[in-house]
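To keep things clear, I will list the structure first and then write my remarks on it.
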Amino acid sequence: MYIRTAVAALAWASAATAAPLTFDQALDRARDTAPSLAGKALGTDAARSSARAAGALPDPKLEFGFTGFPVSGPNAGHPERDDFSTVRVGIEQDVPNRAKRTARTGRAEADVAASEAARLGEARTVRLGTALAWIDLYFAARKLMALDAVRAGVAPLIRTTPARLASGSARPAQTIEPAQMLAALDDRRAELVADAAKARAALTRWTGDTAAEVAGPPPSTGFDALALRAGLIGLPEVRVADAAAGQADADARLARAEKRPDWSWQVGYDRRDPRFGDMLGATIKIGLPLFAKNRQDPLILARDLDAQRARLDAQATARELVAAFETDLADHAMHHERLERARATLLPLAERRSALETASYSAGSSGLADALAARIAVAEARLELLTREGDFVRDAVRINLTYGSDAR
């Protein structure tokens, strides 16, 4: 039921927000509408609310009962004749030791820190997912435009086939080749249409707009590697790992607090027969953790080991982040080199070859298949250039949003 309601609400919202989105607009919309981010925020609010009660005393207990009811002897069944029969009303309050209450407060504060770290991590996930989906849709649209332009460019060449066949300069079998090449272009176009649909679906996931389209230029690809490297310590993954270590430390403190005695107090009023007078009683109870070797000590050791594990996990997370950052920088440098090679060498060579083959075909010194193959090679070179540009932009955006200030 909830899923059907959500799908209906998404469809309604999409119909009202079908305008193309710039990169920044997509990020803003995802931030404002992503259910997962709203859910994490509510989880943080819930943790803060719970923390307010963490160190509070337990609720007092009201005592009401009858004591000293005679069941044998001369007064059996007649409490009004017995000196010790009373109706008792009292109140009892359990008081956990101060170390335990302090540890519970610390655990609740650690839970708040963990929830806040999880919210920051989800915010980064939403921003990064939206950014990459927008970039994928942007470059898929550009590739479709480039392919359509090439297909339109080969049409004049294909229209010359009947004339060449009639003049005898082309064999009948050669008329099949253009159709085959066009079919290959159409296959490639179908792949690009599917890529665009996948990117649009991903963008819909984050923005809620099923008719998502992109507008404007791609985002900036600049970043300061030194500043990003220095800021790794403040990333959400580090905060999550540190929060987990804080929770484990709080659990260890709580386990050690179990070795300290708890206590409780009780006050009661005993109503007796008027001949004997009423009585007031007060009691203090103190717990005796006498068997720590078999009860508290094993739990303390377990919680201490958990805390050590959590701290080691935090160190492992920090190392993993450094390695991931350096790996992403290496990929970015590689993609930049490949992009420049495609832009400066591969595409110009393909265009030059196409021009030469077209001129040879016009002069009658080569066949239509060679001219078409050269044109299609230009299309492939342009698509490859856009692919490499997309990889380069994706790298830069992922590095900025994963390791930069926007990740916090």
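The values are calculated or read from the model by the stated rules, or taken from the named source; none is laboratory data. Remember, predicted model here, so these are calculated numbers, not experimental data. Here the Cβ is made from the backbone with ideal geometry for all residues, glycine too, and neighbour counts use every protein chain on show.
When Leu349, Leu368, Leu372, Leu329 are checked against the criterion of being modelled with pLDDT of 90 or more, crowded, with 17+ Cβ neighbours inside 10 Å and either within 26 Å of Leu144 (Cβ to Cβ) or of a type in the set (A, V, I, L, M) (or both), a single residue qualifies: Leu329. All of Ala197, Ala211, Ala190 fail the test of being within 30 Å of Ser36 (Cα to Cα) and at pLDDT 90 or above, apart from Ala197. For the stretch 46-88, the set of residues classified as loosely packed, with under 13 Cβ neighbours inside 10 Å and closer than 30 Å to Arg107 by Cα consists of Ser49, Arg52, Ala53, Ala56, Leu57, Pro58, Asp59, Lys61, Leu62, listed by residue number. If you go through the stretch 334-363 one residue at a time, how many are hydrophobic (A, V, I, L, M, F, W, C), more than 42 Å from the chain's Cα centre (by Cα) and in a helix (DSSP H, G or I)? So the count comes out to 5.
So which of Ala202, Ala241, Ala212, Ala248 ends up being within 30 Å of Asp94 (Cβ to Cβ) and either in contact (Cβ under 8 Å) with a residue 24 or more places away in the chain or not in a helix (DSSP H, G or I) (or both)?
After ruling out the rest, the residue left standing is Ala248.
Exactly one residue among Ala99, Ala103, Ala113, Ala131 is modelled with pLDDT of 90 or more, surrounded by fewer than 18 Cβ atoms within 10 Å (Cβ to Cβ) and part of a helix (DSSP H, G or I), and that residue is Ala99. Put simply, of Asp273, Asp224 the only residue that is of a type in the set (D, E, K, R) and either without any contact (Cβ under 8 Å) to a residue 24 or more places away in the chain or touching a Gly at 6+ places or on another chain (Cβ under 8 Å) (or both) is Asp224.
For the stretch 11-49, which residues satisfy the criterion of being modelled with pLDDT of 90 or more and among the hydroxyl-bearing types (Ser, Thr, Tyr)? Thr22, Thr33, Ser36, Thr44, Ser49 - these are the residues of the stretch 11-49 that are modelled with pLDDT of 90 or more and among the hydroxyl-bearing types (Ser, Thr, Tyr). Taking the numbered list (1) of a type in the set (Asp, Glu); (2) under 30 Å from Val126 (Cβ atoms); (3) touching a Phe, Trp or Tyr at 6+ places or on another chain (Cβ under 8 Å) in turn, Glu92 passes all entries but (2).
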